[in-house]
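All remarks here apply to the structure that follows.
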Amino acid sequence: MPETTSIPTAKLGEPLVVIEGVNKHYGELHVLKDITTTVTRGEVVVVIGPSGSGKSTLCRAINRLETIDSGSITIDGKKLPEEGAALATLRADVGMVFQSFNLFAHKTVLENVTLAPIKVKKMSKKDATDRAMALLERVGVANQANKMPAQLSGGQQQRVAIARSLAMSPKLILMDEPTSALDPEMINEVLDVMVGLAKEGMTMIVVTHEMGFARKAADRVLFMADGQLVEQAKPEEFFSNPTSERAQDFLSKIL
Ligand code: ADP
Ligand code: MG
């Protein structure tokens, strides 16, 4: 397995993503209400909550796919830039995996993984290819490298999407419901890759309804409802003893 995600032990536990008093509106709708939390290096945070509670908006704000109205978000000590080269650098530091895979449909699996390292990191084609093949191997789809995304199953496509984000050596990976669009029999093959990344020390923020993943891999669970960060706790605490009524109600419906 290539050492793609290992981080120096000395840095574990340092703040990596600092979110302070973040507010966001869509017109009249207050979608993020004064969100404050810090994600440390190597930490795995699972975000759960009812549909419409602002989980995706929070992820998109962290990756600066959405602007915020007030408050601040810093990644590795740097404030999120508005635009331009600094924004491109930030995006390279933050991997994003979406529910809908979002692979480039007209490029092969291999090209999907080499494209950004070549274009953004100016890696040589040979180096990018070697690295991409190692990553595809690691997520178990190296034998699909020359196929087009549509020829792969959903689970395979999502594993390619994870390899693609790892190819940029991100400091953080955001995953927004990475298994929600998958047929049930493919969910585990993607979760296994996610658990592997978590165990290796990758910093991850994962929106998911897969409570098994949360129990197995999360250091902390954030529970959102109505745009608010209602509760945050270690998974064993949160699942056995949710303190808010909203979390109790939510858990009674999904567990
Ligand atoms: P979640 O991911 O928790 O389901 P979202 O962050 O997607 O929630 O959405 C939070 C709220 O913001 C929802 O009410 C949703 O309808 C609304 N919303 C999301 N994106 C937009 C948008 N681009 N324009 C207007 N409203 C939006
Ligand atoms: Mg969402």
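The values are calculated or read from the model by the stated rules, or taken from the named source; none is laboratory data. All figures in this text were calculated on a predicted structure; none of them were measured in a lab. With ideal geometry, Cβ positions are generated from the backbone for all residues, glycine too; neighbour counts draw on all protein chains shown.
Laid out as a table, the results:
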read-out	value
Considering residues of segment 182-209 that are within 16 Å of ligand 1 (Cβ to nearest atom) and modelled with pLDDT of 95 or more only, the residue farthest from Lys253 (Cα to Cα)	Ile205
Meets criteria (modelled with pLDDT under 95 and either buried (at least 20 other Cβ atoms within 10 Å of the Cβ) or charged (D, E, K, R) (or both)) for Lys147	no
Every residue from segment 42-82 that is of a type in the set (Val, Ile, Thr) and more than 13 Å from ligand 2 (Cβ to nearest atom)	Val44, Val45, Val46, Ile62, Thr67, Ile68, Ile73, Thr74, Ile75
Helices (runs of 4 or more DSSP H) (entirely within segment 31-136) containing at least 2 residues that are crowded, with 19+ Cβ neighbours inside 10 Å	55-62, 109-119
All positions within segment 29-71 that are among the acidic types (Asp, Glu) and within 25 Å of Asp219 (Cβ to Cβ)	Asp34, Glu43
Selection count, segment 34-65, where residues are away from ligand 1 (no atom under 12 Å from the Cβ) and of a type in the set (D, E, K, R)	4
Residue match in segment 83-98 (condition: within 20 Å of the chain's Cα centre (by Cα), closer than 23 Å to Leu32 by Cα, modelled with pLDDT under 95 and among the hydroxyl-bearing types (Ser, Thr, Tyr))	no
Tally, over segment 166-212, of residues that are within 16 Å of ligand 2 (Cβ to nearest atom) and either buried (at least 21 other Cβ atoms within 10 Å of the Cβ) or hydrophobic (A, V, I, L, M, F, W, C) (or both)	12
When residues of segment 200-227 are limited to those that are more than 13 Å from the chain's Cα centre (by Cα), among the small types (Gly, Ala, Ser) and outside any helix (DSSP H, G or I), the one nearest to Glu245 (Cα to Cα)	Ala225
Residue in segment 179-199 that is part of a loop (DSSP other than H, G, I, E, B), among the basic types (Lys, Arg) and more than 13 Å from the chain's Cα centre (by Cα) present	no
Flag for Ala163 being modelled with pLDDT under 95, hydrophobic (A, V, I, L, M, F, W, C) and within 15 Å of the chain's Cα centre (by Cα)	no
Residue in segment 179-189 that is in contact with a helix residue (DSSP H, G or I) (Cβ under 6 Å, 6 or more places away or on another chain) and more than 18 Å from Ala142 (Cα to Cα) present	yes
Hey, Lys125 more than 21 Å from the chain's Cα centre (by Cα), in contact (Cβ under 8 Å) with a residue 12 or more places away in the chain and either within 16 Å of ligand 2 (Cβ to nearest atom) or on the phi < 0 side of the Ramachandran plot (or both) or not	no
